[in-house]
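Report on one structure; see the data block that follows.
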Amino acid sequence: MNDLLITDVAELATPLGTSPLAGSRQGEISRRQGVEVFCRDGEISFIGTPEERRGRFGDLDGTARLDGAGCTLVPGFVDAHTHLPWAGSRENEFAMRLTGKTYLEIAAAGGGILSTVRATRAADVDHLVRNTLRRLDRMLTLGTTTAEVKSGYGLSLAGELKQLRAIREAGRRHAVDVVPTLLAAHEFPPEYRDDRDAWVEVIAEEIIPACAVGGMARFCDVFCEQGVFDVEQSRRVLLAGAEHGLLPRLHADEFVDSGGATLAAEIGAVSADHLVAVTPEGAAAMAGAGVMAVLLPGVSFFLMKESYAPARRLVSAGVPVVLATDCNPGSSHTESIPFIVQLALFQMKLSIEECLVAVTLNAACCLGIGERAGSIEVGKSADLVLLEGDSLLHLGYHFGVNPVRAVVKEGRVVHQVA
Ligand code: NIG
Ligand code: FE
């Protein structure tokens with residue numbers, strides 16, 4: 001039997017339920033002091049005082065224990081937007097940005113996504129598995145217990161399949177649960193530079209049907225943005241994905257209002273991500289259609305932008321907000337959800353409670369796993385993070401450090417700081 005008793009937690013902070021929280025409920029969490037958590041066979045089976053626990057289970061001598069050490073217990077973080085299986089590195093572009101070049105200028109000069117496509121096409125699947133595992137290792141030490149991972153650096157049937165295979169294999173080998181997304185519509189490969197609609201047809205007619213089988217992907221994503229996929233091309237890709245059972249998500253309105261949020265609402269996408277340039281009309285349409293907003297403040301930070309997505313406006317509009325790393329080599333090179341939370345607090349003015357919901361329950365719902373992840377409740381998977389400090393606020397208050405003391409995945413301690 002796989003039992004674990006977590007004792008001496010100063011504060012247990014968690015959203016409750018299995019549905020996304022929006023508007024005034026975005027920051028609705030339960031905070032309890034003086035409780036223990038007992039995990040059995042990978043699930044949370046009890047939350048209550050030590051006295052209640054003794055009454056139900058006795059002393060539990062011989063049961064594995066995790067000493068909460070006066071720290072804060074929260075649900076395992078769910079990172080709902082990453083691009084992990086890449087090869088190569090783009091620190092040269094970073095150096096160019098430090099001297100004032102923009103991301104879009106670098107991309108137009110042949111760098112950007114296409115430079116990672118060249119490196120990833122040249123890598124074999126084992127190399128991509130190793131890179132993905134290394135990044136998942138780091139994510140776990142930063143409190144992430146589930147991650148969505150996208151393809152999108154292959155840009156051919158073989159290349160996208162290679163990345164999806166790497167994602168699946170890394171997920172099998174790692175404690176972090178992995179949810180795969182097909183992002184063939186990330187860019188136009190050099191072969192189709194002059195016939196863009198032909199690439200859209202290849203995605204719709206060949207790549208989606210081949211990648212939708214056997215659970216290789218759960219979502220279909222597209223980079224809907226001026227200069228990349230326009231609204232019509234994005235719609236074509238996402239509807240083709242939906243026909244094959246892939247749920248639609250979009251990179252939308254990252255640099256300019258490209259109609260991405262409105263398209264997300266029109267087709268009932270699960271989420272629209274980025275949204276730095278979303279309009280009030282786009283936000284209202286998303287709220288009306290139940291589309292979630294996945295905000296990626298690491299991109300604004302890493303691209304040295306003044307503007308961040310209008311998180312407060314999205315919350316007020318009633319859109320459920322998720323925060324994620326967007327971990328990738330070009331626009332957000334970080335695995336750290338704690339750092340993303342800190343950016344959202346300092347730059348987007350979300351509250352610590354709203355941030356917690358955004359990286360746990362709302363993120364889990366975005367990935368379709370709200371029934372079993374995203375909150376600390378009896379019957380849910382025992383995915384938990386012990387954070388330094390005796391209350392949740394320390395997650396933001398002590399910035400630029402890793403606040404994670406221990407990580408529990410399905411009832412097992414998978415990471416612990418000595
Ligand atoms: O989410 N916006 C498009 N795609 C990624 C960037 C990928 C890259 O630069 O390699 C993003 O920011
Ligand atoms: Fe992204």
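Could you list all residues from the range 248-276 that are more than 16 Å from ligand 2 (Cβ to nearest atom) and within 20 Å of the chain's Cα centre (by Cα)? Answer for the range 248-276, where residues must be more than 16 Å from ligand 2 (Cβ to nearest atom) and within 20 Å of the chain's Cα centre (by Cα): just Gly268. Where strands (runs of 3 or more DSSP E) fall entirely within the range 366-418, those with at least 2 residues that are of a type outside the set (A, V, I, L, M) and modelled with pLDDT of 95 or more are at 404-409, 412-416. When the criteria are applied in full, Ala269 meets the requirement of being under 20 Å from Val322 (Cβ atoms) and in a loop (DSSP other than H, G, I, E, B). When Leu356 is tested against the conditions (1) in contact with a Lys or Arg (Cβ under 7 Å, 6 or more places away or on another chain); (2) within 19 Å of His81 (Cα to Cα); (3) not polar (S, T, N, Q), the lone failure is (1).
Taken as a whole, the range 119-127 holds at least one residue that is of a type in the set (S, T, N, Q) and either more than 24 Å from Leu361 (Cα to Cα) or surrounded by fewer than 23 Cβ atoms within 10 Å (Cβ to Cβ) (or both).
All conditions but one from (1) over 22 Å from Phe219 (Cβ atoms); (2) out of contact with any helix residue (DSSP H, G or I) (no Cβ under 6 Å at 6 or more places or on another chain); (3) within 16 Å of ligand 2 (Cβ to nearest atom) apply to Phe301; the one that does not is (2). One residue alone among Gln226, Gln233, Gln163 is touching a residue at least 24 places away in the same chain (Cβ under 8 Å), surrounded by fewer than 18 Cβ atoms within 10 Å (Cβ to Cβ) and not assigned by TED's automatic domain parsing to the domain that holds Val407, and that residue is Gln226.
The residue pairs whose first member lies in the range 102-131 and is over 19 Å from Phe223 (Cα atoms), whose second member is in a loop (DSSP other than H, G, I, E, B) and aromatic (Phe, Trp, Tyr), and whose beta carbons are closer than 7 Å, counting only pairs six or more residues apart or on different chains, are Asn131/Trp86.
Reported count of residues in the range 337-354, each being part of a loop (DSSP other than H, G, I, E, B) and within 16 Å of ligand 2 (Cβ to nearest atom), is 0. Cβ separations smaller than 9 Å between residues 6+ apart or across chains give the following pairs from the range 54-70 residues that are without any contact (Cβ under 8 Å) to a residue 60 or more places away in the chain and assigned by TED's automatic domain parsing to the domain that holds Asp383 to residues that are aliphatic (A, V, I, L, M) and not in a helix (DSSP H, G or I): Arg54/Leu60; Phe57/Leu5; Leu60/Leu5.
Just so you know, in the range 294-324 the residues that are near ligand 1 (Cβ under 10 Å from one of its atoms) and assigned to a loop (DSSP other than H, G, I, E, B) include one that is farthest from Gly282 (Cα to Cα), and it is Leu303. Count of the range 2-44 residues, restricted to those that are touching a residue at least 60 places away in the same chain (Cβ under 8 Å), more than 13 Å from Ser375 (Cα to Cα) and hydrophobic (A, V, I, L, M, F, W, C), is 7. Residues in the range 326-336 that are near ligand 1 (Cβ under 10 Å from one of its atoms) and either in a helix (DSSP H, G or I) or within 13 Å of the chain's Cα centre (by Cα) (or both): Asp326, Cys327, Asn328, Ser332. Taking the criterion of being more than 16 Å from ligand 1 (Cβ to nearest atom) and in contact (Cβ under 8 Å) with a residue 60 or more places away in the chain, the residues of the range 245-269 that qualify are Leu246, Leu247. Based on what the data block shows, is Ser19 closer than 30 Å to Leu114 by Cβ and away from ligand 2 (no atom under 16 Å from the Cβ)? It is false that Ser19 is closer than 30 Å to Leu114 by Cβ and away from ligand 2 (no atom under 16 Å from the Cβ).
The values are calculated or read from the model by the stated rules, or taken from the named source; none is laboratory data. From a predicted model like this one, the values you see are computed outputs, not experimental measurements. Cβ sites come from the backbone with ideal geometry, for glycine too, and all protein chains shown count toward neighbours.
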